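Structure first, then comments.
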Amino acid sequence: MNRLEFTVDGETEGIRIDKWVCGQDCGISRSMLQKLLSEGKVAVNGKSAVKSYSVRSGDEIVIDVPEPAELDVVPENIPVEIVYQDEHLLVVNKPKGMVVHPAAGNYSGTLVNALLYHCKGQLSSINGVIRPGIVHRIDKDTSGLLIVAKNDNAHVKLAEQIKAHTFTREYQAVVCGRLKETVGIIDAPIGRHPVDRKKMCVTEKNSKEARTEYTVLEEYNGYSHVKLKLFTGRTHQIRVHMSYIGHPVLGDEVYGKPSKWCKGQCLHAKKIGFIHPVDGEYYEFDSELPEYFKTALSKLPK
């Protein structure tokens, strides 16, 4: 058990405790701190704190951080395309059909299983034993670039960039129909679907800001090849937004309909850019469109 101790100064009082602690650059993510709060492992002036507590000048905050649990996810020698790697992070090009981390029904064959083997267990522990190193995710049937943290310091600093919307994330997709405007921004909040809890939707209730920019690259008979830039990173954001404006991603069986040209959504995370958490330099990586995507384009009616 590691113990962290802080004293609140007058200039920062009035901030909610989870936000305040995360601002101290202590290597704890907000979600992890909220979990520790619910477990009674965070005390203010000797008493357990609640999640809604706002700090006051002079508060003595003590956090008991448990040692990371030993990983019970098995390393597997699965080929994975590593685009870039150093002692702090790596960038991988995830293939279509691979699940990012273990979950019900997928406890092996995931990207995490592969990373544990290739990185010899050297991955950040912030997201727990099931999602070590995973700073952000892409869906099983979405291919493309993903950044992975090797240590907690890199994880926290990369996650901060995602939260601040300073991460560069550019996708390409084939969508159904021809868009009226060749360039546009979809600004519509996304939240959990009120009936189907496995889906997301555009809604004003219990939602978060979501913005997606699209640019039409090429038009086909009834379809469009588009480039998409994320300003925010909500679950299923591109798929939800494109369906919302009447142009679902080709092959998306959840927000659109199946396609004979593509099994699962034709969506690729093509470019990623970020400030390196240690050297402070901007890094950007681009990837080629995968074969399934090129095949789908070649089959679309001109």
Legend entry - Residue-span extension gain [residue 279 to residue 120] - 0.36 nm each, minus C-alpha spacing: 54.9 nm
Legend entry - Highest-MSF residue in the chain out of 12, 215, 235 [GNM, Cα springs under 10 Å]: 12
Inset, instruction - Evaluate E = 1/(1 + (r/R0)^6) for residue 76 and residue 13, where r is the Cβ-Cβ distance and R0 equals 51 Å; express this FRET efficiency to the nearest 0.05. - result: 0.55
Inset, instruction - Report, by chain and number, residues whose modeled amide H sits under 5 Å from the one on residue 151, excluding near sequence neighbours (fewer than 5 apart, same chain). - result: 124
Inset, instruction - Just subtract the alpha-carbon distance of residue 213 and residue 45 from 0.36 nm times their residue separation and send over the number in nm, one decimal. - result: 55.8 nm
Legend entry - Per-pair calculated FRET efficiency, R0 = 30 Å: residue 108 and residue 163 via Cβ, rounded to 0.05: 0.45
Inset, instruction - Report, to the nearest whole %, how much of the accessible area of the chain belongs to carbon and sulfur atoms, 1.4 Å probe, protein only. - result: 48 percent
Inset, instruction - List every residue whose amide H lies under 5 Å from the amide H of residue 97, counting only residues 5 or more places away in sequence or on a different chain, with H placed 1.01 Å from N in the peptide plane. - result: 141, 142
Legend entry - Calculated from backbone phi, Karplus (6.51, -1.76, 1.60) coupling profile of the range 255-269 in Hz, x at Gly/Pro: 10, x, 8, x, 10, 6, 9, 7, 8, x, 4, 8, 9, 10, 7
Legend entry - Relative contact order (%) - the range 10-60, alpha-carbon pairs under 8 angstrom, separation at least six: 50 percent
Legend entry - Nonlocal amide H pairs with residue 217, under 5 Å, H built at 1.01 Å: 225, 226, 227
Legend entry - Intensity falloff of the range 167-274 expressed as log10 I(q)/I(0), Debye formula with alpha-carbon point scatterers, at q = 0.20 Å⁻¹: -1.05
Legend entry - Nearby lysines by direct alpha-carbon distance to residue 257 (threshold 22 angstrom, same-chain neighbours under 8 apart not counted): 96, 140, 180, 198, 199, 227, 294, 299, 302
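For the chain, calculate the relative contact order in percent as a whole number, restricting contacts to Cα pairs under 8 Å that are 6 or more residues apart.
14 percent
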Inset, instruction - Determine ³J(HN,Hα), in whole Hz, for all residues of the range 152-164 in sequence, where each value follows from phi through the Karplus function 6.51 cos²θ - 1.76 cosθ + 1.60 and θ = phi - 60°; x replaces Gly and Pro. - result: 5, 4, 4, 4, 4, 6, 6, 4, 4, 5, 5, 5, 7
Legend entry - Full-stretch length increase - residue 24, residue 203 - with 0.36 nm per residue and alpha-carbon distance subtracted: 61.1 nm
Legend entry - Within-10-Å neighbourhood charge of residue 284 [Cβ basis; K, R +1; D, E -1]: -1
Inset, instruction - Run the dipole for the chain about the Cα centre, Lys and Arg Cβ at +1, Asp and Glu Cβ at -1, nothing else charged, and hand back the magnitude in debye, nearest 20. - result: 1460 debye
Legend entry - Cα centre as origin, Lys/Arg/Asp/Glu Cβ charges: the range 191-246 dipole, Debye: 420 debye
Legend entry - Positive-end extreme of charge dipole, the chain - chosen from 273, 238, 88 (charges on Cβ): 238
Inset, instruction - May I ask you to evaluate 6.51 cos²θ - 1.76 cosθ + 1.60, the Karplus curve with θ = phi - 60°, for each residue of the range 235-242 and list the ³J(HN,Hα) values in order in whole Hz, giving x for glycine and proline? - result: 4, 6, 3, 4, 4, 5, 5, 5
Legend entry - Selected from 40, 123, 188, residue furthest toward positive end of dipole (the chain; charges at beta carbon): 188
Legend entry - Cα lying deepest toward the dipole's positive end in the range 87-227, options 154, 226, 167, charges on Cβ: 154
Legend entry - Distance (nanometres) between label positions extended 7 Å along Cα→Cβ at residue 62 and residue 187: 4.8 nm
Inset, instruction - Can you bin the range 105-192 into rounded, prolate or oblate? Criterion: square roots of the alpha carbon gyration tensor eigenvalues sorted a ≥ b ≥ c, rounded for a/c under 1.5, prolate for a/b above b/c, oblate for the rest. - result: prolate
Inset, instruction - Mind telling me which of 24, 265, 237 comes out most flexible in a GNM of the chain, alpha-carbon contacts under 10 Å? - result: 24
Inset, instruction - For the chain, set up a Gaussian network in which alpha carbons nearer than 10 Å are linked by springs, and say which option among 42, 135, 99 fluctuates the most. - result: 42
Inset, instruction - Would you compute, from DSSP H runs of 4+ residues alone, the mean residue ellipticity of the chain at 222 nm, taking -39500 (n - 2.57) per run and dividing by the full residue count, rounded to the nearest 500? - result: -5000 deg cm²/dmol
Legend entry - Separation in nanometres of the label points that stand 7 Å from Cα toward Cβ, at residue 302 and residue 286: 2.6 nm
Legend entry - Student exercise, the range 71-195 dipole from Lys, Arg, Asp, Glu Cβ charges, in Debye to nearest 20: 260 debye
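The values are calculated or read from the model by the stated rules, or taken from the named source; none is laboratory data. Keep in mind the model is a prediction, meaning the values are calculated, not measured. For neighbour counting, all protein chains shown are included, and Cβ atoms are generated from backbone atoms with ideal geometry for every residue, glycine included. Please note that ligands, DNA and RNA were not included when accessible areas were found on the heavy atoms of the full protein model with its side chains. Shrake-Rupley method; radii C 1.70, N 1.55, O 1.52, S 1.80 Å.
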